[in-house]
Amino acid sequence: MTATTPGLVCAHHHLYSALARGMPAPPSTPTDFLGILRQVWWRLDAALDLEMIRWSAMLGALEALESGTTAIVDHHESPNAIEGSLDVIAEACATVGIRSLLAYGVTDRNGPDGARRGLAENERFIRGGGLGLVGIHAAFTCSAETLHAAAGLARDLGVGVHVHVCEGTCDFDAPVRLAGLTRDDWLLAHCVHLPTAHDLRGTILHNPMSNLNNAVGYADPARFANPVALGTDGIGGNVLESFRLAYVMERSVDVTCGPLTAWHWLETGWDLVPAARDDEVTWSYDPMDPWHVAFTPGIRPLRVVVGGQTVLADGRPTRVDPDEVRAKAREQAARLHARL
Ligand SMILES: [Zn+2]
């Protein structure tokens, strides 16, 4: 028995992190979220070059497709390979056969020139016809000038902004820093420490597995009036898994809730990438009903059609050789890990 759904949308991903698995341990064990950023992610992103980014994105896009995800909303950073990085990611997703909505995360963490070049990459990519949003890393790593410049650029380009908000306590003042800048087309990732009553506009992107992994706390997104969508924050591209975890996390604080709320969050993805609604995924399980999916492990896509093209048939990608993608990604991972 099989059932079909539209293509799923991963509303918050970091394709650049696909090669991180198996990386060498940091010099000292981080004891909090800011330590994890400093010791792991900000060392990793600084070591990336365009070839690593290409195979990281190919692997991430492949894993998304193999999970029935046909659109990735990505948030990218590679401070020593900024120019052209969004083209490389867009090309990788297109090669595998899935959709992407990209952003370069602007930050002052690497000096004002880094922020300027990040803004320029967003502008270059979007003006050149790329599907994107303007990215901001997070309010706590940006000056007021950079936050205003990014918001202004997004308004000029007619697109939203993709930004991390209150993921950890280090970003507690984001609601103040971003006051008056946000609009309904902004994407606010995490919001774990965002007060329930706040003035930020936009869709909240919930990433339950990442939040658990970073020990930042539970966002409890059901408390917000904003729309909520589901992402992975770079831990693969399987948003059915995010749905299953989002449901039991909500259940852990409210035993009266059912899986329909988290399923609705999964469906919000189609408001972010409407074209994915027309994609078709044929699954190994029937029915694809929230109450069934919440309690059924191992559901996988058998066939995926994106924009009328069959990109996965009999559970195998049709556009790329998955073994070759994994082999190339392993080679680039070895180069990356050697740099760390
Ligand atoms: Zn993130």
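Ranked by how many other Cβ atoms sit within 10 Å of their own Cβ, fewest first, the residues Thr4, Thr70, Thr146 fall in the order Thr4, Thr146, Thr70. With K and R counted +1 and D and E -1, the other residues having a Cβ less than 15 Å from that of Tyr247 yield a net charge of -4.
Need one word for the stretch 158-248: rounded, prolate or oblate. Basis is the Cα gyration tensor (sqrt eigenvalues a ≥ b ≥ c); a/c below 1.5 gives rounded, then a/b vs b/c decides.
prolate
Rounded if a/c is under 1.5, else prolate if a/b beats b/c, else oblate: with a ≥ b ≥ c from the C-alpha gyration tensor eigenvalues square-rooted, which is the stretch 199-340? Please list the in-between numbers first.
Details: a/c = 1.81, a/b = 1.28, b/c = 1.41.
Since a/c reaches 1.5 but b/c is at least a/b, the shape of the stretch 199-340 is classed as oblate.
Charge tally for Trp270 (other residues, Cβ to Cβ under 11 Å; Lys, Arg +1; Asp, Glu -1): -3. Taking every alpha-carbon pair under 8 Å whose residues sit at least 6 apart, the chain reaches a relative contact order of 24 percent. Is the shape of the stretch 28-137 best called rounded, prolate or oblate, per the rule: a/c under 1.5 gives rounded, else a/b larger than b/c gives prolate, else oblate, with a ≥ b ≥ c the square roots of the Cα gyration tensor eigenvalues? In terms of gyration-tensor shape, oblate.
Arrange the peptides 182-194, 49-61, 250-262 so that the one whose residues have, on average, the most other Cβ atoms within 10 Å appears first. Don't jump to the answer; show the numbers that get you there.
Numbers: 182-194: 22.0, 49-61: 23.8, 250-262: 14.6.
In descending order of packing, they fall as 49-61, 182-194, 250-262.
When the chain is treated as a GNM with alpha-carbon contacts under 10 Å, the residue of Gly315, Gly158, Gly114 showing the greatest mean-square fluctuation is Gly158.
Readers should treat all values here as calculations from the given coordinates under stated rules, not as data from a laboratory. Bear in mind the structure is a predicted one, so any value in this text is a computation, not a measurement. Glycine gets a Cβ as well: all are built from the backbone with ideal geometry, and neighbour counts include every protein chain shown.
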